[in-house]
Structure formats: C-alpha cells, structure tokens
Amino acid sequence: MGATFLSGTTISISLTELYLLFKYLRPKELERQGINSFDAWAAVFARKSVDYEFSVTNEVVQKERFRYFIKVPELASFYSEITDFRTAADIGIDRPKKNEILHNIPPTPDQQEFIRKLIEFAKTGNATVLGRPPLNEKEEKAKMLIATDYARKMSLDMRLIDPLSYGDDKDNKATHCADMIAEYYNKYAGHKGTQFVFSDLGTYKPDQWNPYSEIKRKLVEDHGIPEDQIRFIQEAKTEKKRKAMIEAMNEGKIRVLFGSTEMLGTGVNAQKRCVAIHHLDAPWRPSDLQQRDGRGIRKGNEVAKLYADNKVDVIIYAVEKSLDSYKFNLLYNKQLFITQLKQNNMGCRTIDEGGMDEKGGIPFSEYVAVLSGNTDLLDKARLEKRIAGMEGERKAFQRGKGESRIKLETFLANRASNDDIIARVKKDKTAIEIRMRYDKEGNKLNPLKIDGVASDDPKAIAAKLHEIEDRERTHGQPKVIGSLYGFDILVKTDTTVKDGLDFCENRFFVRGEGNFLYNYNNGRLAVDPKTACQNFINAFDSIPRLIEKYTRDNEAIEKELPVLEQVVGEVWKKEDELKQLKADLAALDRKILLSLKSVDAQEKSTDGVIEVVPSQPITPDGQDNTPAAVMPAADASLVTPSPDSLPIPGTPPAEPYIHRMPDFFTDKQRTPPKVSEMPKSISIKEAMGALGGKLVIGGIPKPGNKDDPAPDQPEKPKPKLKL
C-alpha cells in the first residue's frame, strides 16, 4: 500500500520548505541520517546569514534568515528519489509560449526627488524626510522593511504615498500601462483579445484613489475603450458573480481584467482569448509569478494559438532606479534554481537565494545601490542567471553524453552477443539440414528417443513425456531426457510463487550444438500423443526465424551506432564562455563588495560612530582579517591619515583577487600558514599606534594589556562607544 501526492508547487519560495516535504514522505531516511528536526536538516543543507542594522537610536538589530544552501546536488538527488517532476514541455501540453517584455520607465521628477529622500531615510532613519512622523521603537527595528515598502509604492504611483501632495504625470507607470493596454486592445479587436493586469499594491477600493481605477480612467477618457469592458476582480463579491465575470472574459465581453495575485492569480480559467499579461509590480514568491502568468499561458488559449503566433506577451513594468528590475531578477533566479533542483539538473553545489524577503525588505547596502542607479546588482543577478542556466545546460550535456556512452557500450555488447547467437544457430541449421531424413512423400521423419522408452510408438513416447511433465522436478536446471538427430531433449522446471504457494511448470527444449535452446509452443506439450511427439521436430522450424530476428536487431544497432559515437565524442562548446562569465562575476562581486562596504560605512558614520579599518588585502579565503578600531565621531580629528591610507608594517604586497564562496561554505579546518609566511593581519599594537594609542574593544577598554601605552605616558580620557 502507498500514497501518491500531487502538487504543482512543492517549493513556492525557499528551499527550506523541502524539510517538511521530507519529514512526511521520507521520515525513515531522515532518521537514518540522524536528522530529527529542522535545525538538524538546516545544519546539513543550509547556512544562516546574519545582517546587522543600526537603528536611529544606535542599537544594533540582528536579522537572521536562510539565504545560502549547500550540498545542493545531494539535496536534489534526495528530492528526485521520491518525485516524478514533469513540466508542460516534458509532456507536450499544447499551450502558448511566454514572450517576456521588460518595459523600462524613466522616473518622473517627483520620483527622482523621492528616491533621494529614500536613500537619506535608509542611511539615517529620519522618517520626517518622507513627510511622516519619526519612527517609533517598533518601527525602528523594521526600518528597511518600511523603506522597501515606500520604494514599491513610489515605483507604482506617487499618489499611493500621498494622494494630496502628488498628482498625475504623463510619464508615470499608470500612463505607460494604459498606453500598452490600448495598443493590444486595438491590435486584437477583431478577435476580442483579452488582457490581465496584476498588482498587489493599490488594489481596487471604491471609496478611495487607487491605480486600478486610475488606469481605467485613462483607458476610457484617453483611449475611448468602453467602460463596461474593463473590470476589477474585486467587484465580484460572490462566487456566482465571479464565475459570470470569468465567462464574460472568455466570451470577449470583458476585454481587460484587473486583480491581485491572491484573487486573480489562481482558480481563474479565463484564458480563451488572452493575448497579454501586465505586471505592475512583482510578487514575493516565484510560484506567485508563475500563477499570474498561468492565467493566459495555459491550454485552451484559442486566440493566441490562431492569431498571435501561439504566444502571450508578458509585460513587466520597471521604473529605472527603483527596486522593480532587481526584484524581478531575484524572482527569476530563485525560480531557475528551484526548477533545476526539481529536475535534478543542478550545475553548482551552492545557492544564494538573494537578500530580499517579505519580512525584512531589502538589505540596506543593496537598497541604496539600486536606488542610486547602480546597475551592478542587476548585472550580478543577470550573470548569476546566465551562469546557472549554462551550468545546468552543461550538466544536462554531460548527463546525456554519459547516457549515450552507456547506450553505446550496451549496443556494442548486444551486437557481439547477437553475432555469437547467429553463428551458433547457423551451425545448428547446417547440422540439422545434413541429418534430417524424409519419407517418400517428403515429410520429415521424427526418430525421437526418450530415456526409459524402448519403443518408437508415439503413444508410448507421449505417455512418458506427460509423466515427466507431471512429476519431474529439476529445480530450475535443464535435464537431458532424450535425443533427436543427435540433439539433446531437455526438460526444465520453472517455479513461481503466488499467494504464498509454489506453482511448478515443466517445459521442454531441444539443445543445439552451440548450447542454444529451441522450443515449440513455448515448451509446452500438446495433449494429443502424436502432436506432443511433434513438439521437438517443430522446434527446428524456429531456426530461420531466429537468424532473421538477430540479423534485423544488428541492422538496427548499426543505424544507431554512428549517432551515439558522435555524441560520445562531442565536447561541450561553451566551456570558455562559462569560464569568462564566472570571471566576470568574480570581478563584479569584488566591485560590489567594495561599493557596498563604502555605503555601510556611510550609514554607520551617520549613527555617531566611525569605524576605522586599516587597508588590508583580502586573503584567499575571502575574509578580511584586519581588526577594526572604533572611536566616537567627535574624536575623529585625532586620526590624521585616512582609514584607507594607514601604514601596515610588515604587510606583503596585495595578492590578486581570487573569488571564493562565503566563509561558511569552506572547510572549517584550514591549513595553518607556514612559519616562513608573513602574517596577513595587523597587530593590536600597530592598530593602536595608527589610532594614537587608544583602542576600544567591544566598547570597554581592556586594562593590563601588553600593548597598552607605557605607564610614564600621560593617560588620555577614555573614549566612549555607543552601540
């Protein structure tokens, strides 16, 4: 007895969801591996990342999440052992293809100014720059979530932030979307093509301003589309009205339907005339994006198939210098990783799911970089997507090559075996042709001899054969019981078990000189005595058919061999391209690391604390081993040289940058440096010297340290550190 579970989204947002799946479907295997809790599972397959944020009160807020996953191929294999994953392409579902279009929109003047305010708010936590009261204690801990929420609203429409202070703009997202909807409306007017418009922000509310109603107003007033052909799914308050709205959409009476992921993204089969899908914002989960697109990209879309080249355009609206493109790229990358894991086609051992989540927003440094117009993070996401895709392609190529190699080896072995069988059967054919005797009418004589039967009477021979059939037990081994034209006559007992009982059946064969067994009627005797005795002479009639069969099999193999040999000999031609992409990603990672560190330093300085870090080359494991000295901003004038120009005695020249995974991906037992190697970290004494002899560790001066100033030196006031 067993159970079959069916799901379209076993993983909707994060690989952490796999634990629950394994807990219910693979409990014994988890127990065998000593995994009895989520923490134990995460310790094997995941690594927790920790982000620290400074609140406006200078308190350090720690945020933890599972962002990095390791041993991904093993995780994928573990998953594939209990799943049979099939995509629409795998099973050949007749549905239109997705044609994605990224529609970039320059920010309006109001958006440009608000982006500047958002960056200042993210750095300082001063909410008044956004025109709102100062953050309370609870809001301070969610500063970046608030900043992310404001950025999303700003991108969609400034009136979501303040409908009184901001007005319409000819270049805002609502205008661009209305223009695009009208273009598709007119293009497919003859076929009553329909469109879906998705947004989880600013959903329809009849008693207040919202983007849904604003876009509808523009469609009616600026483009002349009848008002009754534009509807909102939120208007359907009952299931009956909802079904009527879906039916009207399929009939083409409703041409444009607005809705959120929750209300319009699932359970809506209104695809019959869909030609375009519009995304005004991005959902948080990759599965939600798939559900949105699935409203039109599904079986039964007749207009797309007949009149739109079997494609549905999916338009993504992204305001430049906003989080739109960045968020969509993170979603697509995460969906790519999830799909590759489900297909057991992972080309990498580690996954970074990205730093943006629904609960914490986007990390500060990435937030500032994106809003500042820095495209490095977007370029990084695109590079990672290309690399992941190419690594999956390479693994699929290698897997296909391996399968072809095994198939080639099997075919060659089968051909050799067939050649051997053909040779042996031909030898028997020659022997039987020489030995066979015929009567005057040309009929074959049947000089069958059975052990224990002296007579050549067919009835006596048949009686003995039937006795052997009923009583003999050879336990699976063939036993000689007679001869015919110099060939052995054999009996073999086959045993099967059914419902706990043994069932035995005897079958009869003729063994050729090449040890090949021939039979007639699958080795079973007829009841009629004469026919039973003819069983063995008739077995020789199968010889020509066997030669023909194995010859035909070899001919089929010969046709397959050239293709298999070509596949096995092929080399993946994109290896150099993949290496270059990885090198580009490593260089971009280095650039981003430096720029984000600079942004983080600016944020910390606004909190009244300056962190002084002497310049130090990055060690090959990717970690900066330089100790940081922290001092109050008021005493910053004591440090004459800039943090980046502090001398480090004994430090060797900087080594070329080597891209490495984060520290927790590497082996904890690292090889200690050789004695002859120069240490790559600045000493406490050197750091104190660079800072005028004052060092604060963890906010508390450490007395009695051997690196403290000499007693005869005048003691300076101890700096205070506020965290």
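List of remarks:
- Criterion applied to GLY452, GLY486 was being closer than 23 Å to GLY512 by Cβ, of a type outside the set (Asp, Glu) and touching a Lys or Arg at 6+ places or on another chain (Cβ under 7 Å), and the one residue passing it is GLY486.
- Any hit, the range 507-522, residues being of a type in the set (Gly, Ala, Ser), touching a residue at least 40 places away in the same chain (Cβ under 8 Å) and out of contact with any Lys or Arg (no Cβ under 7 Å at 6 or more places or on another chain): no
- Restricting the range 75-97 to residues that are surrounded by fewer than 11 Cβ atoms within 10 Å (Cβ to Cβ) and not charged (D, E, K, R) leaves a set whose member that is farthest from ILE35 (Cα to Cα) is GLY92.
- Qualifying residue in the range 298-317 (condition: within 23 Å of ILE11 (Cα to Cα) and part of a helix (DSSP H, G or I)): no
- Selection status of VAL268, touching a residue at least 60 places away in the same chain (Cβ under 8 Å) and either among the polar types (S, T, N, Q) or assigned by TED's automatic domain parsing to the domain that holds PHE196 (or both): no
- Count of the range 452-493 residues, restricted to those that are part of a strand (DSSP E or B) and exposed (fewer than 13 other Cβ atoms within 10 Å of the Cβ), is 1.
- Single match in LEU289, LEU257 (criterion: crowded, with 21+ Cβ neighbours inside 10 Å, touching a residue at least 12 places away in the same chain (Cβ under 8 Å) and assigned to a helix (DSSP H, G or I)): LEU289
- Consider the range 228-264 and keep the residues that are over 23 Å from LYS218 (Cα atoms) and hydrophobic (A, V, I, L, M, F, W, C). The one that is farthest from the chain's Cα centre (by Cα) is ALA244.
- Residue check, ASN104 among the polar types (S, T, N, Q) and either closer than 15 Å to GLU320 by Cα or in contact with a strand residue (DSSP E or B) (Cβ under 9 Å, 6 or more places away or on another chain) (or both): yes
- Only one of the numbered conditions (1) farther than 30 Å from ASN554 by Cα; (2) in contact with an Asp or Glu (Cβ under 7 Å, 6 or more places away or on another chain); (3) outside any strand (DSSP E or B); (4) of a type outside the set (Phe, Trp, Tyr) is not met by LYS427, and that is (1).
- Top-ranked residue of the range 497-531 - restricted to ones that are touching a strand residue (DSSP E or B) at 6+ places or on another chain (Cβ under 9 Å) and either outside the structural domain of PHE487 (by TED's automatic domain parsing) or among the β-branched types (Val, Ile, Thr) (or both), ranked as surrounded by the most Cβ atoms within 10 Å (Cβ to Cβ): VAL510
- So LYS192, is it surrounded by fewer than 14 Cβ atoms within 10 Å (Cβ to Cβ) and not polar (S, T, N, Q): no
Yes/no per residue for (1) at pLDDT 55 or above; (2) in a helix (DSSP H, G or I); (3) charged (D, E, K, R); (4) over 19 Å from the mean Cα position of the chain (by Cα):
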position	(1), (2), (3), (4)
GLU17	yes, yes, yes, no
ALA40	yes, yes, no, yes
ARG47	yes, no, yes, no
THR57	no, no, no, yes
ARG67	yes, no, yes, no
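- Residue within the range 467-487 that is among the small types (Gly, Ala, Ser) and farther than 30 Å from TYR550 by Cα present: no
- If you go through the range 126-151 and pick out every residue that is surrounded by 20 or more Cβ atoms within 10 Å (Cβ to Cβ) and outside any helix (DSSP H, G or I), you end up with 1.
- Screening ASP281, ASP313, ASP293 for residues that are charged (D, E, K, R), under 30 Å from PRO106 (Cα atoms), in contact with a Leu (Cβ under 8 Å, 6 or more places away or on another chain) and at pLDDT 90 or above leaves exactly one candidate, ASP281.
- Just one of the listed residues (ILE254, ILE277) is in the same structural domain as MET154 (by TED's automatic domain parsing) and either over 29 Å from LYS327 (Cα atoms) or out of contact with any strand residue (DSSP E or B) (no Cβ under 6 Å at 6 or more places or on another chain) (or both), namely ILE254.
Residues are listed down the side, and each one gets a yes or a no for (1) out of contact with any Lys or Arg (no Cβ under 9 Å at 6 or more places or on another chain); (2) at pLDDT 95 or above:
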site	(1), (2)
PHE196	no, yes
THR203	yes, no
ASP207	yes, no
ALA236	no, no
GLU239	yes, no
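- The range 31-50 residues that are assigned by TED's automatic domain parsing to the domain that holds TYR68 and closer than 15 Å to GLU74 by Cα, paired with ones that are of a type in the set (A, V, I, L, M) and not in a helix (DSSP H, G or I) (beta carbon under 8 Å, 6 or more apart): TRP41/ILE35; VAL44/ILE35; PHE45/ILE70; ALA46/ILE70
- Residues located in the range 471-482, provided they are out of contact with any Leu (no Cβ under 8 Å at 6 or more places or on another chain) and either in contact (Cβ under 8 Å) with a residue 12 or more places away in the chain or under 23 Å from GLY512 (Cβ atoms) (or both): GLU472, ARG473, THR474, HIS475, GLY476, GLN477
- Residue satisfying all of: in the range 152-200; among the aromatic types (Phe, Trp, Tyr) and in a loop (DSSP other than H, G, I, E, B); farthest from THR261 (Cα to Cα) among these: TYR166
- Top-ranked residue in the range 422-451 [being β-branched (Val, Ile, Thr) and surrounded by 17 or more Cβ atoms within 10 Å (Cβ to Cβ); ranked as nearest to ASN538 (Cα to Cα)]: ILE432
- Residue check, ALA89 farther than 29 Å from LEU18 by Cα and either assigned by TED's automatic domain parsing to the domain that holds ASP162 or touching a Ser or Thr at 6+ places or on another chain (Cβ under 6 Å) (or both): no
- Within the range 260-286, considering residues that are assigned to a strand (DSSP E or B) and β-branched (Val, Ile, Thr), the one surrounded by the most Cβ atoms within 10 Å (Cβ to Cβ): VAL275
The values are calculated or read from the model by the stated rules, or taken from the named source; none is laboratory data. All figures in this text were calculated on a predicted structure; none of them were measured in a lab. Note that each Cβ is placed from the backbone with ideal geometry, even for glycine, and that neighbours are counted across all protein chains shown.
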